[in-house]
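*Asks:* This structure is in C-alpha cells; I'll ask about it shortly.
The values are calculated or read from the model by the stated rules, or taken from the named source; none is laboratory data. Only a predicted model underlies this, so the values are computations on that prediction, with no experimental measurement involved. Methodologically, a virtual Cβ is constructed for each residue, glycine included, from the backbone with ideal geometry; neighbour enumeration extends over all protein chains shown.
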Amino acid sequence: MVLNNKNKLGFNPRCLVFLLVILITSCGYSDDLHMRHHQLGMFWNYRFQELETSLDEQHSRYKKGKLTGAEFSRQIFSLEWANAGADKRFEDYVKTFPDSRWSHLLHGLYLVKQASDARGSETYNKTPQANFEKMTELAEQAKELLETAHEHQAPFGLYAGGMMKINLLLNLDDENKSLVDEAMARDGDIWRAPFSYFQTLYPQWGGSESAMLAFIEEVKQKNAKLAKALQADFYWRKGREYQVNGQLGAAVAELEKAISIDAHSDALTDLGAIYMRTGKCDAAVALFKRNLEENDEWDLYTLESLMQAHDCAGNSWQFSRVRAKRSELFTRYSAGE
C-alpha cells in the first residue's frame, strides 16, 4: 500500500509541520531593544556569565561591521544607566569577574553618572560643598574601575569617553586631547569620546566657542559624518542656553540650524517642546516622529512627547497608536523582551 503524502487540499503534512516550526521559532523580538532588555535582565538577575558572553558577542558583531557604533553604544548605555541602587549588583559583577573588561567598565561608567548626579546641575556658587565631596569620591572610584577596564582591553572609545567625563568633574584636562585622538583612531564609529571631549570645550566648562569650532574643523579631515554631528551639537548648545533664559525666538533659530545639519536628538526634542508651548502642534509631531525614525525608535521621552503632540493637534487615532507603542515598551521591559 502506498501512502498518499498529501491531504485533500493538496498540502504535504510534513511541509506544513516544517512551516509551523519556522513560524513558532520566529515569534518574539529580535531587534536592538530586545538585546538591550535581554542584557538588562541578565544583569538584574545576577546572570553575569551570560552577560559576559552576550557583550563579547555584540562587541564582535560591532567590530565586524554587523552592528553600528550607535547600536552597540545604546546597549552599553542601557546597562550603565541602571537605576540608582544597582550598586550591589555592579559590585558583585566585579567580584565574580575580577578580570573582566565589561564588569569594570560598566561599574565605572555607572559611577560616573552617579558622580555627576551627586554634583547636581546648579552653578558652582550654588552647589553645597557636600555635593562636591560626594562627587569627588564617586569620580575617583569610577576612575580606578575604568583604568582596570582599560588594562583588560575594554573598547577604547568607551573607556576614553568615561575618563573625560571624570576629568571634567575633577577639573582635569591634561590628557583629554590625547584620549580623544586615540579614541577616534581606534573606535571611529563610537562617538562617546569625541562628544565627551567636545563638552569639555563648552564655555560653561571653561572652554570657548572658538575652541569648539576649531575641533569641528579638525574632525572634518578625519570623519565628516562625526563633524556634522558635532556642528549640530554646537548650535543645540546655543539654542538650549537661549531656551533656559526664556529667549524662545533665538532658541528656535539655533535649534533649527542644528536639525538642518543633523538629526540631533536633543535639538529635535527641545525644538518640539518649544513648538508645543507655542501651539505649533503639527510641527512638534513632525519633529518627534523624526527623532524616533532617525535615532532611537523606542526612546520613552520622545514617545511620550509625541503622544502629547498628537493630543495637542487633535490626532486621536495617532495618539492611540503611540500610546499602544509606549505600553508595548513597558511590557517588553518587564518581560525582558
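*Asks:* Give the number of residues within the range 289-337 that are outside any helix (DSSP H, G or I) and farther than 19 Å from L268 by Cβ. Outline the logic, then answer.
*Replies:* Of the residues in the range 289-337, the ones outside any helix (DSSP H, G or I) are 295-299, 314-315, 336-337.
So of that shortlist, the ones also farther than 19 Å from L268 by Cβ come out as 314, 336-337.
Adding up the residues that qualify gives 3.
*Asks:* Is it the case, given these coordinates, that A149 is outside any helix (DSSP H, G or I) and in contact with a helix residue (DSSP H, G or I) (Cβ under 9 Å, 6 or more places away or on another chain)?
*Replies:* When the stated conditions are applied, A149 does not pass them.
*Asks:* Quickly run through the range 77-93 and pick out the residues that are more than 18 Å from G157 (Cβ to Cβ) and surrounded by fewer than 19 Cβ atoms within 10 Å (Cβ to Cβ). So that I can check it myself, show each step before the final result.
*Replies:* At the first step, the residues of the range 77-93 found to be more than 18 Å from G157 (Cβ to Cβ) are 82-93.
Across the range 77-93, the qualifying residues are A82, N83, A84, G85, D87, K88, R89, E91, D92.
*Asks:* For the range 171-217, give me the residue count where each residue is under 27 Å from A154 (Cα atoms), among the hydrophobic types (A, V, I, L, M, F, W, C) and either in contact (Cβ under 8 Å) with a residue 24 or more places away in the chain or exposed (fewer than 14 other Cβ atoms within 10 Å of the Cβ) (or both). Full working, then the answer.
*Replies:* First, the residues of the range 171-217 that are under 27 Å from A154 (Cα atoms): 171-201, 215-216.
In the following step, the residues that additionally are among the hydrophobic types (A, V, I, L, M, F, W, C) were identified as 172, 179-180, 183-185, 190-191, 193, 195, 198, 201, 215-216.
Subsequent filtering for residues that are either in contact (Cβ under 8 Å) with a residue 24 or more places away in the chain or exposed (fewer than 14 other Cβ atoms within 10 Å of the Cβ) (or both) retains 183-185, 190-191, 193, 195, 198.
Residues that pass the stated criteria total 8.
*Asks:* Can you name the condition, by its number, that S103 falls short on among (1) at pLDDT 95 or above; (2) under 28 Å from F215 (Cα atoms)?
*Replies:* Unmet condition: (2).
*Asks:* Is it true that some residue in the range 109-121 is on the phi > 0 side of the Ramachandran plot, in a loop (DSSP other than H, G, I, E, B) and of a type outside the set (S, T, N, Q)?
*Replies:* Checked against the condition, which is being on the phi > 0 side of the Ramachandran plot, in a loop (DSSP other than H, G, I, E, B) and of a type outside the set (S, T, N, Q), the range 109-121 yields at least one hit.
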